[in-house]
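Read through the structure below, which is laid out as structure tokens, and then see the notes.
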Amino acid sequence: MENNIKRACPYMIIKDCAAAIAYYKKVFGAIVTYQLIDPVDGRVGHAELSIGDSAIFMADEYPDFGALSPDSIGGSPVKMQLDVVDADAVVASAVAHGGMLLQPIRQEPFGYRKGLIEDPFGYSWFIASKIEDVSAEEAQKRWNESVAR
């Protein structure tokens, strides 16, 4: 059977989606490629952002049909990863613009410098820079060794 899937992308529900779009543009270099504004109350009914070569969809809350943000449901279990050239700079910018540092940048056994931030809208982002190619076998060996210490 042929696979008809073209891509997968997150669909984020955000309280104050317009502010989130501004944050993602400033911190992640996002570009708005499509946006619909609710003619009744001005909420963002649907927006599509391009970050690097990835797409993210988002909208304001619509509680009447179950579209609730992390603020309304007590957080989000989903963590997103953003691969960048300079993780230190992006984490610093994210925090400077209202994000919260959850995990400082550190060297990971699988070849990345990586940290974790929570944006002002309740979503968490791993910010990572690849610094070396590491096979799964080597990464597992390094991980095992780091736990054994």
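The values are calculated or read from the model by the stated rules, or taken from the named source; none is laboratory data. It should be emphasised that the depicted structure is a prediction, and the values quoted were computed from it without experimental measurement. Note that each Cβ is placed from the backbone with ideal geometry, even for glycine, and that neighbours are counted across all protein chains shown. Areas reflect the complete protein model, heavy atoms only, side chains present, ligands, DNA and RNA absent. Shrake-Rupley method; radii C 1.70, N 1.55, O 1.52, S 1.80 Å.
Computed values, structure above
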item: Residue in region 95-109 that is farthest from residue 75 (Cα to Cα), counting only those that are part of a strand (DSSP E or B) and either open to solvent by less than 70 Å² (accessible area, probe 1.4 Å) or touching a Ser or Thr at 6+ places or on another chain (Cβ under 7 Å) (or both); result: 105
item: Strands (runs of 3 or more DSSP E) wholly inside region 8-57 containing at least 1 residues that are at pLDDT below 95 and open to solvent by less than 60 Å² (accessible area, probe 1.4 Å); result: none
item: Scope region 3-16; condition more than 18 Å from residue 94 (Cβ to Cβ) and hydrophobic (A, V, I, L, M, F, W, C); matching residues; result: 5, 8, 9, 13
item: Extreme residue, nearest to the chain's Cα centre (by Cα), among residues of region 110-146 that are buried (at least 17 other Cβ atoms within 10 Å of the Cβ) and among the polar types (S, T, N, Q); result: 124
item: Region 58-68: number of residues that are within 12 Å of residue 11 (Cβ to Cβ) and surrounded by 18 or more Cβ atoms within 10 Å (Cβ to Cβ); result: 2
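Results for (1) more than 15 Å from residue 82 (Cβ to Cβ); (2) in contact with a Phe, Trp or Tyr (Cβ under 9 Å, 6 or more places away or on another chain), shown as yes or no for each residue.
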residue: 106; (1), (2): yes, no
residue: 115; (1), (2): no, yes
residue: 122; (1), (2): yes, no
residue: 132; (1), (2): yes, yes
residue: 142; (1), (2): yes, yes
residue: 147; (1), (2): yes, no
